[in-house]
Each structure stands twice: as structure tokens, then as C-alpha cells.
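S.K.: One structure, pasted below without further comment.
The values are calculated or read from the model by the stated rules, or taken from the named source; none is laboratory data. Bear in mind that the values here come from a model prediction, so they are computed numbers and not experimental data. Don't worry about glycine lacking a Cβ; one is built from the backbone with ideal geometry, like all the others, and counts go over all protein chains shown.
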């Protein structure tokens, strides 16, 4: 299963494509998709140039859990800098 | 301090106006990201892991209080209350919003600052010795020549689309504090036979994936020929540098493939055409620029300060800071001093908006309204009266800026790493923090003496790991962070690349590994005065490798 992620054009925030075809800042809201759904979501993201930048797919173990190979980077993306927890997504 | 002339002022204002429109057009969808990305990069704006990152140029690291107050204001108003000083003597903001960047650039222009040429395949901000104009061992002021290079390289039409980025560093003292031999071009000013400055030009140094020490292809170059010679160096690179492979596009690869002798022949041939052109620098022009950097109005003082000596005798903590963070000045009664941005367990190079405002006020009071950013990610007051050092230290301590660790084991260079950087494979800052905490004991640090640890989170080597006495390189091994240790590098006039000591280890093993290296060093050194790097060079790598990995 995969999830689609990108950066918000205005803020640079990490965002995820949800099951309701919208962008969320919460990795737990990321839709888990098969290859066909991924291709569709990626094509859709490419048309949203005024909303998001640099969309790409990440492998997911389960809801909110990136696969081990990508976990280090993707968990930092999802949560914020480990050295400044006050600036991450933890703050809402 | 450098000064904008009417050309600089106009260029920067025009660029801000242009970028303001470009951002508007990007936000309303008139231009695509593919079209916009090279434009934003030309204005120092990256998109990193969590947010945009704006890199602001600080010409050869020099600031006055107005500029630093402005940097603080930007951190407070548009960012998250802090900025990060880098190994390029620049400042980076980690959280600006795209729509705010034109306003930030406009505010910077108000204090003669900008983000132009802080990214892209052009000549970047020139860096220089942070003790310029103060150091007792200085032959000539590197800021003068750095400013000459700044003016020449800003919007140089021929060099805006080089094969790859291009970094120039200048030092004006025999002891190189600007790491010139690991730059694309390093300029080392020496004293010529006629008493005038004579330039040694190193070409093809660099770190990253394929590190090299630069080759001295020219010595005794007169100042009047500096720009024509640099132009010839750049032309040959621009003509032959590879554009088909990003990883082979830096000048170091060209010089390696061509051979330094052949590269030099090409440069000399090109130089013959332009040596006597408009690029020849008249003495009057150098004198005009030199006046920007005239020494401040020093008082006539005795070399010794009774107040300073008494304060050291009365206060052990101050005496310790004076031993580590105060540096000799060529003017009697004055000293240079380092403001450490490496508090124990802190983030190397970070400063809060309040700290920046405070340091700016302090510079105005005590250092002729002038300060520098160092490539080792600290700040420097170049000219402080010894009589005032105790007062300055007292004030710094109130803002967590008086850590007495200049050049010591906790004065670590670290790149932003995977906590921020889109290119990184591993984190660098937490490793620096863990080492710093391991060696928190100030007595122990001082006993160990000079030990330069430099950490990068990927092979691009922004953390200069190749030239750390101990270098640490983060790598991604199947999704886990591992760190390789390099030994024996140095970035000074005897520059050398460190060598990988053995297999990588996880982050949590690094502080103990550094401790084993330090223990070995303390064991083998012949006296307190024999630094880590001296002992390493005397006994070789093997005992240290055994300390790391066992015999």
C-alpha cells in the first residue's frame, strides 16, 4: 500500500492525500492506496499546481506508518525536526 | 563594512520587485513549479523537508548592528524566532511562507542585504577569515579583496550559468582560518617581494562526494591582476566543465581530469588575452574599497589591561572563557573574541531573535558596531577593549552565549542534516548534541584542547566532515542512520582530507567512540601542548583505529 504526499505551495508544510480527495497535514489521515488509485491520485495532484508541490508516493505498512526503508525520513517529515519538537506537527 | 553603491542598490531593488511579481504569478497559477523553481533558487529560496528555507548572504560574514537587528526582526516576524548561521557565513531561515518572502527580501534590501547568488550554479557568497582586520598574523585584510570579488561576481553575466555552483574563500594571514584549500578557488594573500600583497591561487579544492585539496596554480600574483586571473580561471571552467553529469560538474573534477598543469596552461593562455583589459585593478580603486574597511578609531592603550588581568584573577569562569574565546589583536589593549553558538547540548549555529538583538546591541556598545559570522558557525567581535571583556562576558552569560569552548571538542560544525534538509540521508545535529553533552565537563574539554569535530548528514559535506580532525558522515543503510568516522582531516594552511577509519556505527555509539579516540589521544600525547591533530600525525591512524574498533 502507498500514500501520496507533497508540500503545500504556500507554507511548504508536508501534506497527505486523503480518502476524501483533499490534502491533510496529518499522516494518519493519508489514504492507503493500491497502484491504480495511486496513479489517479498522482495525476490529480499534478493538476493542483497552485496548492501543492513535489508530490510523490511513499510505501506504507499501515495507517500512519511508513515502510521501514523510508521510515526515518518520512517520520521526520510527518512530525517535524527531532531537535525542535516545539516546531513540528506535534504542536498542531 | 561593505557599502552599496548606486548600482548595488538599484540591482537589489529591481530584483526584489521582479521576484515579488514572480511569486504572485506562481501563487495564482500563471507559472508552473518547473518554471518557478530555478527562479526561486536564484533568490536563495529552497523547499526543504518541512518548509521553505531562505538563505541570506552575509558578505564574507560581516554584519553591523542594523543588519543583525534586521535579521532578528525577520526571524521574529516571518519565521519561528530563530535563524541558523552556516558554514558559508550565511544565515538560513527554516520556516518562511512563500508569500512572505518578497517582503523579507524588501526588508533585507533596507539594510543592504539580499539572498542573491546564495543558490544556483553561479559564484556564491565569498567567505573570508573572521579575524580580518584584527589578527596579529595578518598580511593584508581579506575583506578588501573579498569585496573586490563580490563586486566582480555579482550578476557577472558570463558566470550566471556555470556547470555547477562556485565557492571562493579568501584568507589574509599565514594561518588559514578560512579553509581556502577546500574551495573551488582559494585565495591566500601573502606578502610580495615589493611589500605589496601577492596572491596564491588554489584551484579545484572541494569536499562533497569526491573531495580534493586545491592545487596552487599561481603564486605571487599582483593585486592588480587578481580579477583578470580569476576571470580566466572561471572561463576555462565554464568552457570545459562537464554539464552532462551533475556529480562531475564541479571544477575539482575538471582540474583532476585535465591535470592541474594543463588546466593552468589553459588559464594562462586565456589570461594573456584579458590581463591588460578593464579587469586590471587600479591602485586608486583598491584604495577606495580599502577605505570601507579602515581600522576603527582605536584608543592608544597599554598592551596589558590591569582590569582584565584582575578580573581573570578574581573569577575562574571568566579566566576560562578568556583562555579559550579571546584571541590576540594587533592593536595594543584590544582583543578579538568568539561568541560561541555551541552551548552544551545546543544546536550548532542557531541563534534566537532575542540573542541576535542582544548581540547587535552589544556590538554597538563594545565592538565599534561590527561583528562577523564564522564558517565554524560562531560569531566574533573583532575589536574589543581588553578593559571591557569582563563586562561583555557578563552580558553574554545572561543570554547563554558565553560557553568557553572555542576550538574545543564541543565546538562542533554540523550541517542541518535530515532534521531539515531535503538532500540529507541522516541527522547531524542530534549527533553533535550528544557529543557535546558527553563532554559537558569544561575542565575535561580544556584539558583535551583543540579538537575539531565536523559532522555532515550526507556526502555533500556541508558539515565539512572531510577536514575535521574527527569527521563524522551520516549515511542511510537500509532506512537506518549509520555514521562513518574519518580521522586526520584539517582545513588550515596544511589542509588534508581525513580518511575513513572503519565501518560505520549507529548514532548512539558515536559519543562513546569519540571518547575512546580522546582517551587514546590523552594517552599518546607528549605534552598538553601537543594537539589531537599533532599527536595523530605523529603516531599515525592505527592506534586511533584500534581505539575505535579494537586491535
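S.K.: Going through B:110, B:81 one at a time, which residue ends up being surrounded by fewer than 20 Cβ atoms within 10 Å (Cβ to Cβ), modelled with pLDDT of 95 or more and under 30 Å from residue B:411 (Cβ atoms)?
M.R.: One residue alone meets the criteria, B:81.
S.K.: Out of the residues in segment A:61-92 meeting the condition of being modelled with pLDDT under 90 and in a loop (DSSP other than H, G, I, E, B), tell me which one is farthest from residue A:19 (Cα to Cα).
M.R.: A:84
S.K.: For segment B:495-539, what are the residues that are without any contact (Cβ under 8 Å) to a residue 24 or more places away in the chain and touching a helix residue (DSSP H, G or I) at 6+ places or on another chain (Cβ under 6 Å)?
M.R.: B:524, B:525, B:535, B:539
Residues checked against (1) under 25 Å from residue B:225 (Cβ atoms); (2) assigned to a helix (DSSP H, G or I):
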| site | (1), (2) |
| --- | --- |
| B:267 | yes, yes |
| B:279 | yes, no |
| B:284 | yes, yes |
| B:287 | yes, yes |
| B:308 | no, yes |
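S.K.: Let me ask something additional. Restricting to segment B:31-78, and then to whatever is crowded, with 22+ Cβ neighbours inside 10 Å and in a loop (DSSP other than H, G, I, E, B), can you tell me which residue is nearest to the other protein chains (Cβ to nearest Cβ)?
M.R.: Looking at the filtered set, the residue picked out is B:51.
S.K.: Those residues that are in contact with a helix residue (DSSP H, G or I) (Cβ under 7 Å, 6 or more places away or on another chain) and away from chain B (no Cβ under 11 Å), I need them from segment A:27-52; list them, please.
M.R.: A:27, A:33
S.K.: Pairs only if they're at least six apart or on different chains, beta carbon under 8 angstrom, first in segment A:62-76 and within 7 Å of chain B (Cβ to nearest Cβ), second part of a helix (DSSP H, G or I); list them, first residue then second.
M.R.: Hits for this filter: A:72/B:418; A:73/B:418; A:76/B:418; A:76/B:419.
S.K.: Considering (1) within 14 Å of chain A (Cβ to nearest Cβ); (2) closer than 24 Å to residue B:339 by Cβ, say which one residue B:113 fails and leave the rest.
M.R.: (1)
S.K.: Restricting attention to segment B:137-155, which residues are assigned to a loop (DSSP other than H, G, I, E, B) and in contact with a helix residue (DSSP H, G or I) (Cβ under 8 Å, 6 or more places away or on another chain)?
M.R.: Selection gives B:141, B:154, B:155.
S.K.: Tell me which of these residue B:178 doesn't satisfy, since it passes every other one: (1) farther than 29 Å from residue B:39 by Cα; (2) touching a residue at least 60 places away in the same chain (Cβ under 8 Å); (3) surrounded by fewer than 23 Cβ atoms within 10 Å (Cβ to Cβ).
M.R.: Evaluating residue B:178 over (1) farther than 29 Å from residue B:39 by Cα; (2) touching a residue at least 60 places away in the same chain (Cβ under 8 Å); (3) surrounded by fewer than 23 Cβ atoms within 10 Å (Cβ to Cβ) leaves (3) as the failure.
S.K.: If I ask for residues that are part of a helix (DSSP H, G or I) and surrounded by fewer than 22 Cβ atoms within 10 Å (Cβ to Cβ), which ones from segment B:210-227 would you list?
M.R.: B:223, B:224, B:225, B:227
S.K.: OK, next. When you scan segment A:77-89, how many residues do you find that are closer than 17 Å to residue A:30 by Cα, facing another protein chain (nearest Cβ under 8 Å) and free of Cβ contacts under 8 Å to residues at least 12 places away in the same chain?
M.R.: So the count comes out to 1.
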